[in-house]
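Here is the structure we will look at.
The values are calculated or read from the model by the stated rules, or taken from the named source; none is laboratory data. Since we're looking at a predicted model, the values are computed, not measured. Methodologically, a virtual Cβ is constructed for each residue, glycine included, from the backbone with ideal geometry; neighbour enumeration extends over all protein chains shown. With ligands, DNA and RNA removed, areas are computed over all heavy atoms of the protein, side chains included. Shrake-Rupley method; radii C 1.70, N 1.55, O 1.52, S 1.80 Å.
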Amino acid sequence: MSRLRRTLEQILSWDDIRLVASLSSKYCQPYRYRLIGAAICLFISSSAMAGLILQIKPILDGLMQGGDPTLVWRIPLSVMGLVTINGIALYLQGVLNDSAMQRVIEALQIDLFKRAIHADLAEIDAHHSSRIVALLVGQIGAVVSGLTRAIVVVARDISLCVLLVAIMFFRDWQLALLVFVTIPLLGIGVRTINENIRRAMDHTMTAHARLTQALHDVVVANRLIKLNGAEAVERERFREATATREALSMSMTRLRSATTPINEFIGGLAIGAVIFYASYRSQDGASLGNLASFLGALAAAYRPLKRTAATLATVQESITAARAVKAALDVQPTIVDAPDARPLAVTAGAVRYEGVTFGYSPERPVIHDLTLDVPAGATVALVGQSGGGKSTLLALIARLYEVNSGCITIDGQDIRQVTLASLRRSMAVVSQDTTLFDASVYDNIAYGTPNATREQVFAAAEAADAHRFIGELPRGYDTPVGQRGVLLSGGQRQRIGIARALLRNTPILLLDEPTAALDARSERAVKDALKRLMHGRTTIVIAHRLSTIADADRIHVIEGGRIVESGTHADLIRRDGAYARLYSAQATSEAA
Ligand code: ADP
Ligand code: MG
């Protein structure tokens, strides 16, 4: 008994069944009537097939040996009827099933997308984006269509087999028993192969992700590849990835196909045994129709049984992929609204970091017990060598990552106690490189402020000193900016970023080296725009070029995740410490 259970579990384990059940109870539930309809159609089709087998006996015993004369037209008619019913039932089944399946795929894709968009940044940092893409576009379809096809095939074949077996017993129970002895042997082939398929599928999925990744890199980093003459290296990397995947697919095909010879042999064994026994018994004058009908049922059951075995082998692939999908769906983001979160009420816009410690991995903090006050409406500058933790401080206030200890408040409200939407609505970010979407200039400025009027968008562009260059673009505000804004210069992209921030009109402004990537002339244009943007807002600005922040209300020098010096520009120069050293180092290098 336990052996049988083990065998069954190797074909399809409880875990697998639970996995499929939990996914389908969520995603198939809304389409249950369609699916039940499809199942009924399947059953009708199986019954029609069994009905055809039943006709063999009256054909041989009645028709051929001249019995009831009405059989001459009754049998052909019923055969035609059954065939037609079978066809119609299969058609309906296909349509019902596919319409449900497409919607299930759609629902899963939407959920995975939702998962990806709300994922913690830390999780996204840890995975190559192509993995998520591969899961979203590649595997879901494979999972759903693979599993549905499997369920349909197995359900149809098993119901047909049950009917055929009933016919076999009905026609000749002794022969039927004989056949029955051989059926469990079919499981052997599947069992030995499934474990290997599961493993191969895991590898195949990794290989597939690597392939997507290589493709993704070629598109995103094409300029880099060209400039470094790395085309051959990339070609080779891609070729290796395809070769690996090809080898894995081949090994899966071999495994899958290996079920065929095993099953053929067992099927042959059953038929041979029946013929042998039947001829040994043939003296006792059983009807020819009975034997033919029995053999017909046996032959008819043979193919669906084989197909079921082969399908169960392919199910392993879908299940492995389903497990990856389920795992992705199950990861819950940790940075979410607290249950009792209220909207942030910004009264003045004062920001305070209080004893903040944070590390991208908790055991390696990059911010150490840092306390920092940004008075309402003030401009506070963070300076220091790169890697000190300045950008991290900005990411923390937007709650892109969660502090490990300490807290950050805005007007006295802990940012963990307010809704994420209201928190992020209160701040605008302009960073070193403004991310633009492949849309029009207009849509890029209005991104994040969908209900802005045209006049507001133009005014923001004007204040950002972008109106003029936009007017000179081939289609003005309707000009597409190209993927990630490649059709614009760095200075133009920054001014669009500033226009976007102006339009958002937030009380808090976060500037992360907004002019660092610009030449002196574009920097001047951008700086004037920034000045207009900062007016009347609480601003935290990270500056690489210290000359740009000389008039900040307060400057903090950050090193190794700690504030090592604070004061106004004049204070810090007078103190002749870390800031003064940074400043004079820059002055000399700029003069050179
Ligand atoms: P700064 O802006 O002062 O140059 P950052 O805040 O960008 O410094 O980085 C501080 C430290 O955190 C660096 O050691 C950097 O390698 C690390 N770091 C930055 N971003 C990430 C990230 N997404 N995942 C892991 N480590 C990061
Ligand atoms: Mg930085």
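Sequence neighbours fewer than 8 away in the same chain don't count; with that in mind, list the aspartates and glutamates whose C-alpha is under 16 Å from Lys531.
Those aspartates and glutamates meeting the cut-off are Glu462, Asp465, Asp512, Glu513, Glu523, Asp551, Asp553.
Provide the convex hull volume over Cα atoms per residue for segment 465-564, in Å³. Don't skip to the end; give the middle numbers.
Values: hull volume 12.4 nm³, N = 100.
Value for segment 465-564: 124 Å³ per residue.
Which stretch or stretches of segment 392-418 have amide N atoms under 16 Å from the point lying 7 Å from Ala376's Cα along the Cα→Cβ direction?
Correct set: 409-414.
Report the relative contact order of the chain, percent, no decimals, based on alpha-carbon pairs under 8 angstrom and at least 6 residues apart. Could the numbers behind the result be given before it?
On the way: 812 pairs, mean separation 83.9, N = 592.
Computed over the chain, the figure is 14 percent.
Taking amide H atoms as placed 1.01 Å from N in the peptide plane, list the residues 5 or more away in sequence, or in a different chain, whose amide H sits under 5 Å from that of Ile542.
So Ile542 has HN proximity to Leu382, Leu511, Asp512, Glu513.
Of the accessible area of the chain, with the probe set at 1.4 angstrom, what percent is carbon plus sulfur?
Values: 18630 of 30640 Å².
That share works out to 61 percent.
Here is the link list: Lys390/Lys527; Lys306/Lys326; Lys326/Lys390. Which ones come out longer than 26 Å on Cα distance?
Working: Lys390/Lys527 20 Å; Lys306/Lys326 30 Å; Lys326/Lys390 37 Å.
As for pairs spanning more than 26 Å Cα to Cα, those are Lys306/Lys326; Lys326/Lys390.
Near the amide H of Asp369, under 5 Å away, which other amide H atoms are found, from residues 5 or more places off or on another chain, if H is placed in the peptide plane?
Thr357, Phe358
If Tyr280, Tyr442 are ordered by their accessible area, calculated over protein heavy atoms with a 1.4 Å probe, which sequence runs from highest to lowest? Please list the in-between numbers first.
On the way: Tyr280 150, Tyr442 30 Å².
Largest accessible area first, the list is Tyr280, Tyr442.
Mind checking the per residue accessible area of the chain for me, 1.4 Å probe, whole number of Å²?
Numbers: 30640 Å² over 592 residues.
Averaged over the residues of the chain, the accessible area is 52 Å².
Using only Cα atoms, locate the centre of segment 428-493 and the centre of segment 547-592, then give the distance between them in Å, rounded to an integer.
33 Å
Subtracting the Cα-Cα distance from 0.36 nm times the residue separation, let me have the gained length for Thr260 to Arg103 in nm, one decimal.
Working: separation 157, 0.36 × 157 = 56.52 nm, distance 3.37 nm.
Roughly 53.2 nm would be gained on extension.
With unit charges on the beta carbons (Lys and Arg positive, Asp and Glu negative) and the dipole taken about the Cα centre of segment 468-517, which residue among Leu473, Gly485, Ala501 sits farthest to the positive side?
Result: Leu473.
Hey, got the dipole for the chain? About the Cα centre, +1 on K and R Cβ, -1 on D and E Cβ, debye to the nearest 20? Numbers along the way, then the final one.
Numbers: 62 positive and 54 negative charges, 244 e Å.
So the magnitude is around 1180 debye.
Mind checking which of Met80, Val325, Val403 is farthest towards the positive end of the chain's charge dipole, using Cβ charges of +1 (Lys, Arg) and -1 (Asp, Glu) about the Cα centre?
Value computed over the given set: Met80.
Report the normalised scattering of the chain as log10 I(q)/I(0) at q = 0.09, 0.10 Å⁻¹, calculated by the Debye formula with identical scatterers on the alpha carbons.
Computed log10 I(q)/I(0) values: -0.87, -0.99.
Using alpha carbon centroids, what distance separates segment 77-91 and segment 209-234, in Å?
Centre-to-centre distance over Cα atoms comes out at 56 Å.
With labels modelled as points extended 7 Å from the Cα through the Cβ direction, what inter-label distance (nm, one decimal) is found for Ser22 paired with Asp414?
Result for the modelled spin labels: 3.2 nm.
Please return the longest stretch of the chain lacking exposed loop sites, where GluC sites (Glu not before Pro) count only if DSSP places them in a loop and at most 16 other Cβ atoms lie within 10 Å. Please list the in-between numbers first.
Numbers: sites that count: Glu363, Glu402.
That would be 1-362.
For the chain, give me the percentage of DSSP beta bridges that are antiparallel, rounded to the nearest 5 percent. Display every interim value, and only then the final one.
Values: 18 of 37 bridges.
Given both bridge residues lie in the chain, the antiparallel proportion sits at roughly 50 percent.
Along the Cα-to-Cβ line of Tyr33, 7 Å from the Cα, sits a label point; which residues in segment 86-118 have backbone N less than 19 Å from it?
Once the point is set 7 Å along Cα→Cβ of Tyr33, 92-104 turn out to lie under 19 Å by backbone N, inside segment 86-118.
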